[in-house]
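Note sheet for the following structure.
Rule-based calculations on the coordinates, nothing more; no lab input. Everything numeric in this text was worked out from a predicted model, so none of it was measured. Note that each Cβ is placed from the backbone with ideal geometry, even for glycine, and that neighbours are counted across all protein chains shown.
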Amino acid sequence: MTLESCVTTEKKPLLSVEEAQQRIYDAILPLTESEMLPLKQAFGRVLAETVFAPIDLPSARNAAMDGYAFSSESFATTLTNVGTSWAGKPFEGELNAGECVRIFTGAVLPENTDSVVMQEHVTVNGSQIEFPTNVKLKKNVREIGEDVSVGDALCSVNKILTAGDLGLLAAAGIENVSIIRQLKIVYFSTGDELVPLEASLTRGKIYDSNRYSLHGLLQNPCYQVTDGGVIIDDKDELKRTLMQAASEFDVIITTGGASVGDADYVKTVLEECGDVNFWKIAMKPGKPLAFGRIGACYFFGLPGNPVAVTTTFDIIVKSALVRLVGAIAQKPWLLSAVCTTPLKKSRGRQDYQRGILQQTEIGEFKVASTGHQGSHILSTANLANCYIILPSDCTDVEIGETVTVVLPSI
């Protein structure tokens, strides 16, 4: 991988990807408004406050397995079974010396017992239970509060609730939780060339694929998503539509119209009715990316090329939306991999080439290009399971060189 000085034809240096990410992070104020939801409806949502345990887990001493419970103080190799403790239907009363009870996993132990021996280790002769001489005492018992004690934090504020979290909260008897409200997002495509799927293509027209990509990318319980349709290449119509959307939504995402063509009005309209934080970054694909605000609404103007839409969303927009809903963002997984195909690279921008990552039997990571890397080539982008990150100050990559790859977060 050849490192050379960065050359650009821009009048001023473009923002790096890292600089753009930081500027977005600094500009965003996370949501704070919350709502109470039943536990089952809270999966994938962000906690608005820490949840503390109202009870101990376990709340009573219970058996860790099926077997026989007894007191270690009066243990003998032969004990008399005087009853059964079932899960949900405990044995009532105390045991006398020389007695034991049949017990099942999760069943409450009688008050004066402290040991359980697995059923496989005993011999049953009617009510007489014979134990091995090398029995281990005070084993196979789950103590009160062994998992969680009253007052412990079960799940912390800003956590995205997982299936495991729901199980833990339910075990503690938590029925409802306070959740950050959904982020209201609307997305649009722009361009006179776009037609809906039900229409027939005529010369110069293309099907609008970007809204379908965004529909998939925005599937998240934390978002309330609206498909705004297509905005024609008309400055006044674009301005009217964006101003109306800004009054109703937290986030606007557009695709197309952010470049420098005569019909690309996004940046101009954003300057007129809002604030442009930045426009254009040193990223490929995805250079014509705009970020700003229209009133209290955040605006992301993505490129029009379909691969650039997906890439800029994965690398730039996704983490911004996570911050907006108040979640604790997880840093993306970066891996080193041996490149098994040559890669073409020009100086000046950080490339995110689509790759196929595999792991060998000995644990080594290898990555190959999916093929043609044009920002309009959906067929090869569809094959990718990672991005190969090529820094702005490098050129071509030869077979056998080590590269950095990033896995898009789920």
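Worth pointing out:
- Taking 0.36 nm per residue of separation and subtracting the Cα-Cα distance, full extension of the segment from residue 330 to residue 237 would add 29.6 nm.
- Potential extension, residue 346-residue 37 segment - 0.36 nm per residue separation minus Cα distance: 106.1 nm
- Of all DSSP beta bridges in the chain, antiparallel share, percent nearest 5: 65 percent
- Segment residue 23-residue 134, extension gain: residue separation times 0.36 nm, minus the distance between their alpha carbons: 33.3 nm
- Only Lys, Arg (+1) and Asp, Glu (-1) charged, at Cβ; the range 333-407 dipole about Cα centre in debye: 280 debye
- Here the range 62-142 carries DSSP beta bridges of which approximately 80% are antiparallel, counting only pairs with both residues inside.
- Charge dipole (Cα centre; +1 on Lys/Arg Cβ, -1 on Asp/Glu Cβ; no other charges) of the chain amounts to roughly 960 debye.
- The distance linking the range 171-191 with the range 94-128 is 49 Å (Cα centroid to Cα centroid, whole angstrom).
- Here the contact order of the range 62-142, divided by its residue count and restricted to Cα pairs under 8 Å and six or more residues apart, works out to 41 percent.
- In this simple spin-label model, placing a label point 7 Å from the Cα along the Cα-to-Cβ direction at both residue 199 and residue 393 gives a separation of 4.8 nm.
- The range 383-410 versus the range 54-70: alpha-carbon centroid distance in Å: 52 Å
- Cross-link check: pairs 239/318; 267/345; 235/267; 284/318; 205/235; 89/136 evaluated at a Cα-Cα cut-off of 22 Å; pairs beyond the cut-off: 239/318; 267/345; 89/136.
- Between 100, 394, 273, the residue with the greatest mean-square fluctuation in the GNM of the chain (Cα pairs under 10 Å linked by springs) is 100.
- Under 15 Å, Cβ to Cβ, from residue 56 - net charge with Lys/Arg +1 and Asp/Glu -1: -2
- Positive minus negative residues near residue 338 (Lys, Arg vs Asp, Glu; Cβ under 14 Å): -2
- Each label was represented as a point 7 Å from its Cα along the Cα-to-Cβ direction; for residue 96 and residue 248 these points are 8.0 nm apart.
- If you take all other residues with their beta carbon under 15 Å from the beta carbon of residue 132, and give Lys and Arg +1 and Asp and Glu -1, the sum is 0.
- Among (1) 168; (2) 212; (3) 137, the entry derived from the coordinates for volume of the Cα convex hull per residue in Å³: (2)
- Of the chymotrypsin sites (Phe, Trp or Tyr not before Pro) in the range 27-104, those whose Cβ has at most 12 other Cβ within 10 Å and which sit in DSSP loop: none
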